[in-house]
Structure formats: structure tokens, C-alpha cells
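Take a look at the structure below.
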């Protein structure tokens, strides 16, 4: 049984969502907390990601929104005195921190035991050279490789390994710093960049064309072990598993290969004495059957979340119990309620994961995919055939594609997309087969197994038949079994989507609801985990006895829609269930808490398309459908669902359209007499040019019904106006585009709130630190506001009251304002929960989503909420992933670029701001600052730089900046621009990490690949903190100059609530 000595455990989260480390750790950490609470163990969670479910007050007993850094963790350990620490549920971040805490003797000093897999095993699996040696000792093959710690050693190793080779970083996540290397010059550059962020790199043989496979393994202290799931990458070696389409179970292994790799996986887990879960990755030669072990993750991973959701086996929950000392036979399967956890799942369906990329949102970023992760999220589709699941998954991506037959954008050079793979590779292969390409040639170009190519080609062949053949019942049934959507069939046959649906109903071609029971139907199981398929003969379940409420989730994580909306969906479901209302959740994202088996009465792992929501609603007969907590995907379904007579809970579809439609909303503001920037609907290019001549540049182009400012741009001249109007028309073809005057040097703030029948029930005002022009999702936000006048707040509240009444809002809303020279203007209203809802809810100790849920059920009891006069300050900081997206310019603008967020609450503004910045996994290591700014901004940095120079900081500047400061008594060392080719040169100094902070402010966001871009890109690639916004630079330098370096005991969330 479990270790009885454990009364209090410290759990480390993973911090802000970034490429390579996303919401899967909210899922795994939440399950660990539930498992520990079941054992009556007090849990202390450290995680600055305020948007997560695990940081809710109802989850861990004590929550610290603090940076995941050794110094802050030591103070928390000293204060809380936990008996044990759990490292396997916070990704690479938690694992690396655990190793460092142990190395520094902190765990030993405070008597903190490490639960689960021993630290020595973790160290051996993370250190590439130790891992290779350890496996060699038991006769298991790894790729030929050499671990090195300098560029010189890397070049020597390459001579022995030979080019092309694979370079991998040790102790890193998502393949950061890895890649295929062709030449010595390329290796020099890549090795230098990788070693600036990792202590070790591996020079490895390149296994071109080998298959990549994974096994998820659990093992207990009694040496009992199971493989829970095996998965096969559709893409060959050379593409990171997080970038690849993944299929479970594997489809192209023969029986001998499957069992050989399974046996090896079990042997590896036993050798390293895993207590919990691990993931083993293999390369397999498709011609000879030879294998290599690539790596083992001795923790919960992205693949673990996928395996758990694919099989229905609660991996994270079981791993947490195993870490406490239980054995597999002592743990019950929480999903089935019929078997123990000592059971290998069997699947009677196929699962496909496809990554979600948003590379196109970062202009000039390289779109090729490889060993370094670039995807920001993923979807998981379940079907009874590969084509059915594949087509589902493509639609789940929410990139505007109806299926593989409809690429989201025209593909010009198919061979480039296939041979030098990009994020559009699947679509390119389909198009290639349409052009009579052969499977043999496609395999030679892509190295993808012919089995997968055969199915993609079969889809192309059928699509051509669909154009020619009459739409009969058998033919339509075949189309649905191959995964073609009603909308796609309608487009091909040039009829309405509703006509196809009517034909399906007439011919009784309907999807069947099936259970994911982990047992392939071999034993009776009770499970609420569901999917739909056209291959079934009957439903596995009956419709809900009592009419349920359906909560539509937010789909894949992407730039603009992240874990914040999953928090909203989970909190809505929990509120409904608290009131004993049957609750159904629909979502497609395996990384989420909302897709946990215990968060709803029924979970449909399904696509969030109009067609599928109708299918589920027709089967379940819901009392109401909630579209206001799933971000833009769910919100966009309001009008079509309402038009078909489905009951929408909350704000009416008409009001949602009035707010989302830029033209209609601007007209409403005009009618209400509410000020807004000058605007007009972009009906033609001549009218847009006329508007520009009347109001002058810069202008803002704003499409309707989009998330994260997609295709929104500030334009400074006519050429940009023409270019970006075309881009906006592609993104929002069915809805109006509005052009407005862009107001420069204005403050931005927003009101989040919940209303009931046009009356505001609760609201909170938060302020952006950056001036207007930075998307709200990329802005640093402070609550309560620190620089807004009281009269500005009063007027904003009056305006919000008027808008809410006019739209008759019931449920959540968000209104964005700008303020300049004592005038306020409205720029946007979202009639749904915004990404700021978890932040305002936790800072104010007022759960806005819970209030919305109570209102939906007529259960809300009126009371006063205090959201302005707080005794502390919260600051939310965006988490960027620029290091992953080579070629992207790390400058914020009106189109969102961040992948996540963190937040810290502190006693004052400066402490909260600086701690929140530290929580984005950055730090200032020394006292050397490079400043390179346009003349307009230099005076704003003068005062804090004077203070820093007097405190012993070394300042470096380009000639113009240096001259400005020198005339005002601030000394700096002159450095030459990159283009000047003289020393000391900025390029050389950055490459050798001679700066601890770089401030480089561009004149405007669209500045191109100039000198400033090169400085910013070098800073990012060499892991040097970078500031590109003048307001952020001012407060950041103020923090460096004024904040005390002495650390005080950190405060938990509850400590602030008790003030």
C-alpha cells in the first residue's frame, strides 16, 4: 500500500504554455491533485499559469502563483515544509528544477523525498550520454552518437559520425535546439545557439527514412509493468513526434516488430526503475527491421496525454497513485469501474493526432517542419477507419478546411511541401495524387509508409468519383464512411449543406455513438467517454434520460485560443453539475482538462463543426447549448444553431452577431452616441483609399468573426493598405471588413463582466501596460488598474452599462477601450468569455464563469462584488515562443503572437510586474544592458538608465543612442551595428552572450528585415532577454533600479485573499 509518511506534497507545474509544453500538464497535474486529495494528502502547487484549472482554489490546498525558479522554490519549501515533491507532472520544466534542487542540496536540507521514479534514473534518462551508456549495459541499441559540451567538441564528433547528422539538445523540451545538419558551417551556427540554452548536445547518426514509434509504459514498485498504448508517427524520423501526425494503435508493424518493441519498452522501464509512467521512443528500419532507442521521457508527456485520451486509461491518475507506492493491482480503473489498473487497454477504433500550427501568424517565419517543434496545439480524432479519423482530425484543426480535399490556402509548389515538409504536407500529398502522382513516387519524396499514402490516394480517387457520380444512398454512405463532411459533399455537388443533411436523414445515414471503454467491448464497462462513427450498426448508449446542457469546448490550442478557454469550459461544466444538471462536454483537444472522464456526465471527443454539433444535439435533445465559454469556435456556432432551432443559453444569436459583425457593432455605437475611432466598411479599394486620404495613416484593418486579431493589421501607406485588405478578405470572406483610424499613443484597458438580461452583475477593469497597438492577448495586463483616472473608470463603466443593455447580454462579455487626452473610445466588444477571465476571476476571488452558470440556470443570488479596491496587485504577462519560430520578428502588434500567459500577485505594482516577467522562464544574470532605440523614445529611458549607471550597471549603445545619453551625463560603451563590420560589433557580442538584457525598440511594427530585426533575432536565438516595447522597457528598468534583491517569504493565493 501507499507510503503513510506523506502528509503534504509539493507539486510543480509547467508554467506558461509554450511551443513544446502546452496544456497537457494542466491535465496531468490536475489528475495528480485529485489522486492525492483522494488519499487525504495536502497538496501545495507552484505554477504561475493562472489560466489553468489546477491553479483553481478548489484544486490544490495551497497555490503559489510564483516563478518556477530555484530561489523562489526554496523559499516556498522552507515555508511549507512538504514531506515530498512530485516532479513528473510539470513537464521538462519541473523535471529540470527537481534535478537542480537535488544538486544544490535543497531537498536534502529540508528533508523532502522525491516521489515516483528515482532522481538518479531521471538524470540518466535526461543526460544523453548517460542514457546511451546505461542502455548499452543491458544490450539495447541506441543511435550512434557522441555527447558534447562545446562547439569544438561538436565539430570533432561530426568528423566521426559523418554528415548529414542529427543534433539534439540535452535537458530540453520539444526538440528545442535540435535539427538535421548538412555542413560544418551549419553545425557551428546550430551548436552555438543550442549550447547558449542547454548544457549539452548530442551529435547523432541521421536515420533517414526510419519509422518512428512510441510506447507508453507504466511500472510499479513491485516491478509489474504494462504498455498502455503504442503509437506510430505517420511521418518518418527527422520530424519531431510533436510535429508529426500520430496514429494509435500502430498500423504498419508486423506482429514480431510490435512485440519486440513492446518487450524492449518494458525492459527499459524496469531497468530505470520507473515508478509511474514513462514514454519510450524508437526508430525502426522499414527494410531490415533493425531498431534504435531514441529517448525515454521519465515523466508524463504530450504523448502520455494523447495515449490516455486515446485509450481511456487514466494514465496521470494511475501514475500519481504509483508514485505514492501503490501497485497496479491495487488501483481501480476509474473510467470503467469494472477492472483494476493492471490491464492493458484494447482498442476497436483508430485514433489520429494532427498538430495545429500557426506559423503563418508570424510574418516571415520559416514554415518547414522538422526535429524542432513549431506546432502550438493538437487535435485527436477517433474513427473506425483511417480515412474517417483523418478527415475528422483535419476539420478539428479549425483552419478553414472542410477536409483533406480543401486546403486552407492554395498550394503552389507541391514538391516543396512534400520533399521539404511544411505544415501543409498532408494537403500537398492529396493534391499530388489528384494530379495522377504514384504512391511509389510519393514515398520516395516523403519517406512516409506506403500504407498511409494508399489511404490518402484512395480519398483523392473517391473525390473524383464524387464529382462524376450521382449522389445515391450507397454512394453517400460510402462518402461518410470515408470521412467526407456534408459541407464538402455539398460544395462538390453544388448544392446546400442542408440538402445533404436532409438526404442523409431521409436515407437513415446517421452516425452512431460509441464508447471508449479501454476493453474493446470484451467486458461490460460503464463509461461516459464517447465518439461517433459511420461504421457502426447501433448506438452503445441511450440518449440522456433527463435533457442535458451541452457545453461546447474550444478545440485545439492555437495562438489566440489556449488553456484560458478550457478553464472557462471546465468551470461552466462544474457549475452546471453543482446544480445537479446533466452536463455534456464536446471537445477535440487531448491536452485539456475538459476532456477528462470525470469533468462531465458525458464527454464527446468530437469535431466542433456545425454538422457534428447538430448530430449530437439531435441524439441528446439538450435543454440548452452554451457557446459563450469556448472562445471564437463555439461563438461562431451560435447563429447557425439558432437558425435551425437549437436552444442557445445566454445572449441571443442576434446580439452575438451584432457584436461580432464589425460593421453592425460600429453602427450600434454610432446610434448609442458612444465614441469610437473614425471607421467605415471596406466595400472597395477606391473607397478605402478615399477614407485614407480623409483621415490619414496609420489605419487599422479589422475582419469580423476572427480570433486573436487574425489578419488584423496597422497600415502606414497605400501599398500596405492594398496588401492587407486582400489578406483580410481571405480570412473573413463571408463577413464585413472595417477600416478605422489607428489612434497612436493611447492607453488601452478593458472591462470583463457577466450580465443578466442586459444588466451588469459583476465586472472588473484591467489596464494594459503597453499602449494601444498591441493585441490584448499579447499585452501585459495589470489589475486593479494603476494609471487610469477615477473619472476614466467611471465613464467606462457607464459606457459598458449602455452597451450591455443595448445588446441585452446574458452571460459573459468583454469590452475594450482606448483612452487619450481624457477621452475614451470603444474599440471592441466580445459577447463571450475572454481569455482574461481566469486572470480577473482569480485576482478578484470572484469566479466570473460560475456566476454566468448560475445566471443561465436562474440560480444566481444577487450580491456585491469588490473587484477594484484590492489590497494587492496582479500582473498577467504573455508567454512567447519566438525561439521556435525561426525568422519571425519578436515584436508585438495588433495580431496576436503569444502562445500562453503567466501571472503573479504581489503587494505592489513593481513586484508583481517583475515577478510575472520572471515567471515567463527568463532572468537577468548580470548587469550589462544594450540599448538601441529610435530618437523618439530615448528620453523616456533616460531617468531609469541614470539610476542604473549609478548603481554599477554597464550600458552599451549604438552611436546615435550613445550620443544622446552622453550629452545628458549617462556613460555607455559604443558598439557597432551588424552592418558596419567593425568591432566591438553587436553580432559578436550577442553571439558570445556579453549582454544580460537587450532593449531594441522598432519605429513601427512592420519594419522588415532591417538592422533592428537582426539584433532582435540574434537576442532570441541566443536566449538573451529582449524588450521591444517602450512602455515595458520603462517599467522594467524601473524594477531593476528600485526593487530590493533580498527575497522575502512568498505569499500563496490564499494569503492574499485573507488580507
Next item on the list: Taking the residues in region 571-588 that are in contact with a strand residue (DSSP E or B) (Cβ under 6 Å, 6 or more places away or on another chain) and more than 14 Å from residue 531 (Cβ to Cβ) as candidates, determine which candidate is surrounded by the fewest Cβ atoms within 10 Å (Cβ to Cβ).
Entry: 577
Next item on the list: Give the residues of region 840-850 that are outside any loop (DSSP other than H, G, I, E, B) and surrounded by fewer than 24 Cβ atoms within 10 Å (Cβ to Cβ), sorted by residue number.
Entry: 844, 850
Check: In region 808-828, what count of residues is obtained for those that are modelled with pLDDT of 95 or more and within 18 Å of residue 738 (Cβ to Cβ)?
Finding: 6
Notebook entry, point to check: For region 423-478, which residues satisfy the criterion of being in a helix (DSSP H, G or I) and more than 26 Å from residue 233 (Cα to Cα)?
Noted result: 464, 465, 466, 467, 468, 473, 474, 475, 476, 477, 478
Notebook entry, point to check: Which residue out of 180, 168 is within 29 Å of the chain's Cα centre (by Cα), modelled with pLDDT under 90, surrounded by 23 or more Cβ atoms within 10 Å (Cβ to Cβ) and over 30 Å from residue 903 (Cβ atoms)?
Noted result: 168
Next item on the list: Name the helices (runs of 4 or more DSSP H) wholly inside region 607-677 in which the number of residues that are over 27 Å from the mean Cα position of the chain (by Cα) and more than 26 Å from residue 701 (Cα to Cα) is 3 or more.
Entry: 610-620, 638-643
Note to self: Being farther than 30 Å from residue 304 by Cβ, without any contact (Cβ under 8 Å) to a residue 40 or more places away in the chain and touching a strand residue (DSSP E or B) at 6+ places or on another chain (Cβ under 8 Å) is the filter here; which residues of region 595-654 pass it?
What the structure shows: 638, 641, 642, 646, 647, 648
Next item on the list: Of all residues in region 811-831, count the ones that are assigned to a loop (DSSP other than H, G, I, E, B) and at positive phi.
Entry: 2
Check: Out of (1) under 30 Å from residue 991 (Cα atoms); (2) more than 31 Å from the chain's Cα centre (by Cα); (3) in contact (Cβ under 8 Å) with a residue 40 or more places away in the chain, what's the single condition that is false for residue 97?
Finding: (2)
Margin query: Just to be sure before I move on: is residue 863 surrounded by fewer than 23 Cβ atoms within 10 Å (Cβ to Cβ), touching a helix residue (DSSP H, G or I) at 6+ places or on another chain (Cβ under 7 Å) and over 29 Å from residue 366 (Cα atoms) in the structure I sent?
Written below: no
Margin query: Regarding region 54-69, can at least one residue be identified that is out of contact with any strand residue (DSSP E or B) (no Cβ under 9 Å at 6 or more places or on another chain) and assigned to a loop (DSSP other than H, G, I, E, B)?
Written below: yes
Check: residue 799 is checked against (1) in contact with a helix residue (DSSP H, G or I) (Cβ under 6 Å, 6 or more places away or on another chain); (2) closer than 19 Å to residue 664 by Cβ; (3) at pLDDT 95 or above; (4) crowded, with 18+ Cβ neighbours inside 10 Å and fails just one. What number does that condition carry?
Finding: (1)
Note to self: Among the residues that make up region 39-47, is at least one of them assigned to a loop (DSSP other than H, G, I, E, B) and closer than 17 Å to residue 566 by Cβ?
What the structure shows: yes
Item checked: Filter pass, residue 1050 being outside the structural domain of residue 910 (by TED's automatic domain parsing) and in contact (Cβ under 8 Å) with a residue 12 or more places away in the chain -> yes
Next item on the list: Please note which helices (runs of 4 or more DSSP H) are completely contained in region 958-1059 and include at least 2 residues that are touching a helix residue (DSSP H, G or I) at 6+ places or on another chain (Cβ under 7 Å).
Entry: 959-966, 986-991, 1011-1021, 1030-1042
Check: Which residues, taken from region 368-393, are more than 24 Å from residue 24 (Cβ to Cβ) and not in a helix (DSSP H, G or I)?
Finding: 368, 384, 385
Next item on the list: Among residues belonging to region 741-758 that are in contact with a helix residue (DSSP H, G or I) (Cβ under 7 Å, 6 or more places away or on another chain) and surrounded by fewer than 23 Cβ atoms within 10 Å (Cβ to Cβ), point out the one that is modelled with the lowest pLDDT.
Entry: 741
Check: For region 491-549, which residues satisfy the criterion of being part of a loop (DSSP other than H, G, I, E, B), at pLDDT 95 or above and in contact with a helix residue (DSSP H, G or I) (Cβ under 7 Å, 6 or more places away or on another chain)?
Finding: 496, 507, 509, 510, 511, 534, 535, 543, 544, 548
Notebook entry, point to check: For residue 939, which of the numbered conditions (1) part of a helix (DSSP H, G or I); (2) surrounded by 14 or more Cβ atoms within 10 Å (Cβ to Cβ) fails to hold?
Noted result: (2)
Notebook entry, point to check: Of all residues in region 401-423, which are free of Cβ contacts under 8 Å to residues at least 40 places away in the same chain and either within 28 Å of the chain's Cα centre (by Cα) or not assigned by TED's automatic domain parsing to the domain that holds residue 492 (or both)?
Noted result: 401, 407, 408, 410, 411, 416, 417, 418, 419
Check: Among (1) surrounded by fewer than 18 Cβ atoms within 10 Å (Cβ to Cβ); (2) touching a helix residue (DSSP H, G or I) at 6+ places or on another chain (Cβ under 9 Å); (3) assigned by TED's automatic domain parsing to the domain that holds residue 21, which single condition is residue 111 missing?
Finding: (2)
Next item on the list: Might you check whether a residue that is touching a strand residue (DSSP E or B) at 6+ places or on another chain (Cβ under 8 Å), buried (at least 24 other Cβ atoms within 10 Å of the Cβ) and under 23 Å from residue 244 (Cα atoms) occurs anywhere in region 320-337?
Entry: no
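The values are calculated or read from the model by the stated rules, or taken from the named source; none is laboratory data. Here the structure is a predicted model, which is why all the values come from computation and not from measurement. Positions of Cβ are backbone-derived with ideal geometry, glycine not excepted, and every protein chain shown enters the neighbour counts.
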